[in-house]
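Structure first, commentary second.
The values are calculated or read from the model by the stated rules, or taken from the named source; none is laboratory data. Everything numeric here is computed off the predicted structure, so don't read it as measured data. When we count neighbours, we look across all protein chains shown, and the Cβ atoms used for this are built from the backbone with ideal geometry, even at glycine.
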Amino acid sequence: MPKAAKSKKKVTKIKPKKISKPKETLKVSTKISKAPIKISKAPIKISKTYTPKDTEKYMCEKHKVFFRIKLQEWRKELIKANNEALYNGSMDDNSISADIVDQASSYTDKNVEMKAINRQIKLISEIDKALIRIKDETYGYCLDTAEPIGLKRLMARPVAKYTIAAQEKHEKNEKVHADD
């Protein structure tokens, strides 16, 4: 048997090429972005006894947190009261009574109760709008004049949308249109 000739393969070693880093170029934009830059901040914490002061900057972060908490607690209380009133109102049913005076009295009581609940539902809606204004950072400023409403007024009526002068103007206009 003839011997097969061994073939010698030439092995060539490939040297790794040096990879050079591409030169980085900075492109500077000449356009100025008008979008607000949001800086993430740690949430501001206030004590339970904190009350906004006139010496602080008007509607600073502490004021916003204070009013947000106040509005959220008020909203929870109203919802709880409404639920209890609706539950208890459905339990008290004297309309089946044989006495017509008792039926009339029960009807009147329920009517007054439902009006109060409807007023509270509208107030909850106003609270929701105020919370949205806090997020939009328009809370505390008059919707008509954009002037500060004032801390005293907001403490008394946290859902206030207008300064006292603008509120009087609105009420006057409502009265004029109601007379028509």
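When residues in segment 130-161 are screened for being farther than 22 Å from K62 by Cβ and of a type in the set (D, E, K, R), 1 of them pass.
Those residues that are assigned to a helix (DSSP H, G or I) and of a type in the set (S, T, Y), I need them from segment 99-145; list them, please.
Once the filter is applied, which keeps residues that are assigned to a helix (DSSP H, G or I) and of a type in the set (S, T, Y), segment 99-145 yields S105, S106, Y107, T108, S125.
Among residues of segment 165-178 that are assigned to a helix (DSSP H, G or I), those with a beta-carbon under 7 Å from a residue that is modelled with pLDDT of 85 or more and not aliphatic (A, V, I, L, M) at least six positions away or on a different chain give the pairs A166/C142; A166/D144; A166/T145; H170/Y162.
Return the residues of segment 120-140 that are of a type in the set (D, E) and at positive phi; say none if nothing qualifies.
E137, the sole residue that qualifies.
I46 meets the conditions (1) farther than 26 Å from K122 by Cβ; (2) at pLDDT 90 or above; (3) surrounded by 13 or more Cβ atoms within 10 Å (Cβ to Cβ); (4) out of contact with any Pro (no Cβ under 9 Å at 6 or more places or on another chain) in every case but one. The failed one is (2).
Per the listing K135, K152, K175, K169, the residue uniquely surrounded by fewer than 13 Cβ atoms within 10 Å (Cβ to Cβ) and more than 30 Å from S47 (Cβ to Cβ) is K175. Filtering segment 116-138 for residues that are more than 24 Å from the chain's Cα centre (by Cα) and among the aliphatic types (A, V, I, L, M) leaves a non-empty set.
Rundown of residues vs (1) among the β-branched types (V, I, T); (2) at pLDDT below 65; (3) assigned to a loop (DSSP other than H, G, I, E, B), yes/no style:
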{"position": "V11", "(1), (2), (3)": "yes, yes, yes"}
{"position": "K23", "(1), (2), (3)": "no, yes, yes"}
{"position": "P36", "(1), (2), (3)": "no, yes, yes"}
{"position": "P52", "(1), (2), (3)": "no, no, yes"}
{"position": "V65", "(1), (2), (3)": "yes, no, no"}
{"position": "I69", "(1), (2), (3)": "yes, no, no"}
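Only a single item in (1) touching a Ser or Thr at 6+ places or on another chain (Cβ under 8 Å); (2) not in a helix (DSSP H, G or I) is not met by M155, and it is number (2).
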